[in-house]
Amino acid sequence: MKKAGKIAALIVAIAFIFSSVAFAASGSKVIRDPDTVYTLKIMHTNDHHGATLSKDGKYGLAERATYIKSVREEGGNILLLDAGDINTGSALSNMFHAEPDIMAYNLMGYEAAAFGNHEFDSDLDVLLNQMEIADYPFVCANIVDEDGDYLGRPYIIKDYVGFRVGIFGLTTLRTLTIASPDASLTFIDEIEAAADMVDLLRNEKNCDIVILLGHLGDVLETADQNTSIKVAEAVDGIDLIVDGHSHSFMTEPVCANGTYIVSSNEWGKYVGTGTLSIKNGKLIGFEWAPVEITSEAFPADAEVLAMLDPYIQESNASLKEVVLKTTAAFDAGNKWSRKWETPIGDLVADALVGYVRNHGVSVDFGFTNGGNIRASLPAGDVTRENIMTVLPFENYVYVITLTGEDMIDFANFIPTLNQGAGGFLQMSKEVSYTLEFDDNGNNGRISDVLINGEPIDPSATYRMVTNDYLSNGGDGYTVLTRSIDTYNTSMLMSDAVVEYAQSLGAPLSPVTDGRITVIGGVKD
């Protein structure tokens, strides 16, 4: 009788499982034991930005795969998500339009991804191809095409024994300003779309748990930006927001209006890992922490490495690719870019402006610090490797905006750095000014500052492109941290210069045009 009783109990349990699946498929409410606490382990990443390979033992797709496999081996319900910006970063990823990264995501078993703003850096056809090769859906409830159809899927539903989860996506409307989405696409207000999705998922689809997979950001960049926090505060009924865009490193969830918000920094440095506890269709607990991905803790997964190898080999060969021709060497001399206008400084600053403008971002001018330029360019053929030697640091291209009054403070700070200092600026052709120094290159003064041929207007605003180091106040330029609208393009400076160089036709000659006039000062 005892054996028969166990068999009967097993049959009932199996019937319960299948009835839950059947009810889920039909859209009815999920059958559950009201006294059972169900769990769902969630893992998530965001702002991958082509960080395909490990660097100095940190991050890396193969290393991430090892961690994810280890969690799967623990068993239980698993949900793996990415909050957008898989594109735009390393030369390896950029060369193949993130194909190796997406293929690695396929191997890891990602179940959904949001569109980040950088998914719109290239033509729509590139994105559509990425969506085609991905084994997982891109979810977005606030972008529609010219036929009124959603780009990707607005939501997905995942059914587990005892509970149902609805996951919808959102992409920041900042994309319209900081990227170049196809004109056929229409963006819907994030809060409006979120309210509609929550109503649909909870009241029509009978979801117990609602997750927003959003590329929204929790840091306010402009006054009208709908951050993840603003969306949570405005829309009831979201249990969890898995966020991206701000590259925020969190050690614990943020909570707003009863909604948990999590984000896991950038580049796959961390995999956010948490456990949702659900009882009788309600979220009753959430434990979460970022897990750092290192090659020491998580040795590279062999399957992912083997898949990546052909891409790596082709990318390495591209370092010898000729990307620019010159009529003569662009001589860096005795750190000349730290002392006066130089041909190579002009090239780099102009390239920053050209790169962002080629991607639909309007700026007034650009600049970089002379200490960022570390070598000369040869005469004749210039390879990708030559460019990376000139700009060896992993500096990223940033767009910032200052008020006219802050621009005056910025200009007045420039001469406080002596000749020879790494913070001596190399400017794009839209700017001109005169610097006067004593014979030792000290005690500088600035005059005749013009931007696009006009003096600085204290009542205007100025948008400029530079590198992340300066935008974060490096070399003493703390005035740049007053930016009222900051945008990280997530493109390496070296890659931006390569892309700009490839758009040029005739060979370049190493000349200057007088944008920076230096009176007095050191001579070598």
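The values are calculated or read from the model by the stated rules, or taken from the named source; none is laboratory data. It should be emphasised that the depicted structure is a prediction, and the values quoted were computed from it without experimental measurement. So basically every Cβ, Gly included, is an ideal-geometry build from the backbone, and we count neighbours across all protein chains shown. To get the accessible areas, we keep the full protein, side chains included, count just its heavy atoms, and leave off ligands, DNA and RNA. Shrake-Rupley method; radii C 1.70, N 1.55, O 1.52, S 1.80 Å.
Listed by position, the strands (runs of 3 or more DSSP E) inside the stretch 33-123 whose residues that are over 20 Å from the mean Cα position of the chain (by Cα) and not hydroxyl-bearing (S, T, Y) number at least 3 are 37-45. Going residue by residue through the stretch 334-344, is there one that turns out to be outside any helix (DSSP H, G or I), open to solvent by 20 Å² or more (accessible area, probe 1.4 Å), farther than 23 Å from G474 by Cα and of a type outside the set (D, E)? Checked against the condition, which is being outside any helix (DSSP H, G or I), open to solvent by 20 Å² or more (accessible area, probe 1.4 Å), farther than 23 Å from G474 by Cα and of a type outside the set (D, E), the stretch 334-344 yields no hits at all.
Looking for whichever is open to solvent by less than 40 Å² (accessible area, probe 1.4 Å), among the hydroxyl-bearing types (S, T, Y) and over 26 Å from the mean Cα position of the chain (by Cα) here; the options are S264, S277. Which one fits? Don't jump to the end; show me each part of the working.
Numbers: S264 fails: over 26 Å from the mean Cα position of the chain (by Cα).
So the residue among S264, S277 that is open to solvent by less than 40 Å² (accessible area, probe 1.4 Å), among the hydroxyl-bearing types (S, T, Y) and over 26 Å from the mean Cα position of the chain (by Cα) is S277.
The lone criterion from (1) assigned to a strand (DSSP E or B); (2) surrounded by fewer than 17 Cβ atoms within 10 Å (Cβ to Cβ) left unmet by G166 is number (2). For the stretch 124-137, a residue qualifies if it is of a type in the set (A, V, I, L, M, F, W, C) and either part of a loop (DSSP other than H, G, I, E, B) or farther than 15 Å from E99 by Cβ (or both), and the qualifying residues are L124, A134. One residue stands out in the stretch 126-163 among those that are of a type in the set (A, V, I, L, M) and touching a Ser or Thr at 6+ places or on another chain (Cβ under 7 Å): the one that is least open to solvent (accessible area, probe 1.4 Å), namely I143.
Kindly indicate the residue of the stretch 289-340 that is among the small types (G, A, S) and more than 25 Å from L92 (Cα to Cα) and also nearest to the chain's Cα centre (by Cα) among those meeting that condition.
Just the residues of the stretch 289-340 that are among the small types (G, A, S), to begin with: 289, 295, 297, 300, 302, 306, 315, 317-318, 328-329, 332-333, 337.
Subset that is more than 25 Å from L92 (Cα to Cα): 289, 328-329, 332-333, 337.
On the way: A289: 21, A328: 37, A329: 35, A332: 32, G333: 36, S337: 30 Å.
By that ranking, first place goes to A289.
Checked against (1) touching a residue at least 60 places away in the same chain (Cβ under 8 Å); (2) more than 23 Å from G370 (Cβ to Cβ); (3) surrounded by 14 or more Cβ atoms within 10 Å (Cβ to Cβ), S503 passes all but condition (3).
A Cβ distance below 7 Å, combined with a sequence gap of six or more or placement on separate chains, defines the contacts here; from the stretch 459-486, residues that are more than 20 Å from S428 (Cβ to Cβ) and modelled with pLDDT of 95 or more reach residues that are open to solvent by 30 Å² or more (accessible area, probe 1.4 Å) and assigned to a loop (DSSP other than H, G, I, E, B) in the pairs T481/N472.
Identify all residues within the stretch 275-327 that are closer than 19 Å to M108 by Cα and of a type in the set (D, E); write none if there are none. Listed by number, the residues that qualify are E292, D301, E303, D309. Looking at L450, L492, L508, L504, just one residue is under 15 Å from I414 (Cα atoms) and not β-branched (V, I, T), and that residue is L450.
Being part of a helix (DSSP H, G or I) and hydroxyl-bearing (S, T, Y) is the filter here; which residues of the stretch 495-507 pass it? If you could, list the steps in order and put the result at the bottom.
Within the stretch 495-507, the subset part of a helix (DSSP H, G or I) is 495-502.
If the condition is that a residue be part of a helix (DSSP H, G or I) and hydroxyl-bearing (S, T, Y), then Y500 is the only one that fits.
Say whether the condition of being of a type outside the set (A, V, I, L, M, F, W, C), open to solvent by less than 20 Å² (accessible area, probe 1.4 Å), at positive phi and touching a His at 6+ places or on another chain (Cβ under 7 Å) is met by at least one residue in the stretch 473-480. Looking for residues that are of a type outside the set (A, V, I, L, M, F, W, C), open to solvent by less than 20 Å² (accessible area, probe 1.4 Å), at positive phi and touching a His at 6+ places or on another chain (Cβ under 7 Å), one finds none in the stretch 473-480, hence no. Being at pLDDT below 95 and of a type in the set (D, E) is a description that does not apply to D149.
Within the stretch 250-275, track down each residue that is within 16 Å of H215 (Cβ to Cβ) and of a type in the set (D, E, K, R). Result: E266, single match.
Tell me, yes or no, whether the stretch 202-211 has at least one residue that is surrounded by fewer than 21 Cβ atoms within 10 Å (Cβ to Cβ), more than 23 Å from L283 (Cα to Cα) and touching a residue at least 24 places away in the same chain (Cβ under 8 Å).
No, the stretch 202-211 has no match at all.
Being touching a Ser or Thr at 6+ places or on another chain (Cβ under 9 Å), modelled with pLDDT of 95 or more, within 18 Å of I516 (Cα to Cα) and not in a helix (DSSP H, G or I): is that true of G366 here? For G366, the condition - touching a Ser or Thr at 6+ places or on another chain (Cβ under 9 Å), modelled with pLDDT of 95 or more, within 18 Å of I516 (Cα to Cα) and not in a helix (DSSP H, G or I) - is met. Among the conditions (1) touching a residue at least 40 places away in the same chain (Cβ under 8 Å); (2) hydrophobic (A, V, I, L, M, F, W, C); (3) over 21 Å from E314 (Cα atoms), M103 misses just one, which is (3). For V431, the conditions (1) at pLDDT 95 or above; (2) of a type in the set (V, I, T); (3) surrounded by fewer than 16 Cβ atoms within 10 Å (Cβ to Cβ) all hold with the exception of (3).
Among the residues in the stretch 304-317, are any part of a loop (DSSP other than H, G, I, E, B) and open to solvent by 40 Å² or more (accessible area, probe 1.4 Å)?
There is no residue in the stretch 304-317 that is part of a loop (DSSP other than H, G, I, E, B) and open to solvent by 40 Å² or more (accessible area, probe 1.4 Å).
Going by the structure shown, is Y487 open to solvent by less than 30 Å² (accessible area, probe 1.4 Å) and hydroxyl-bearing (S, T, Y)? Yes, satisfied.
In the stretch 227-244, of all residues being open to solvent by 20 Å² or more (accessible area, probe 1.4 Å) and out of contact with any strand residue (DSSP E or B) (no Cβ under 8 Å at 6 or more places or on another chain), the one that is nearest to S264 (Cα to Cα) corresponds to K230. It is to be established whether one or more residues within the stretch 447-458 are under 15 Å from E341 (Cα atoms) and open to solvent by 40 Å² or more (accessible area, probe 1.4 Å). There is no residue in the stretch 447-458 that is under 15 Å from E341 (Cα atoms) and open to solvent by 40 Å² or more (accessible area, probe 1.4 Å).
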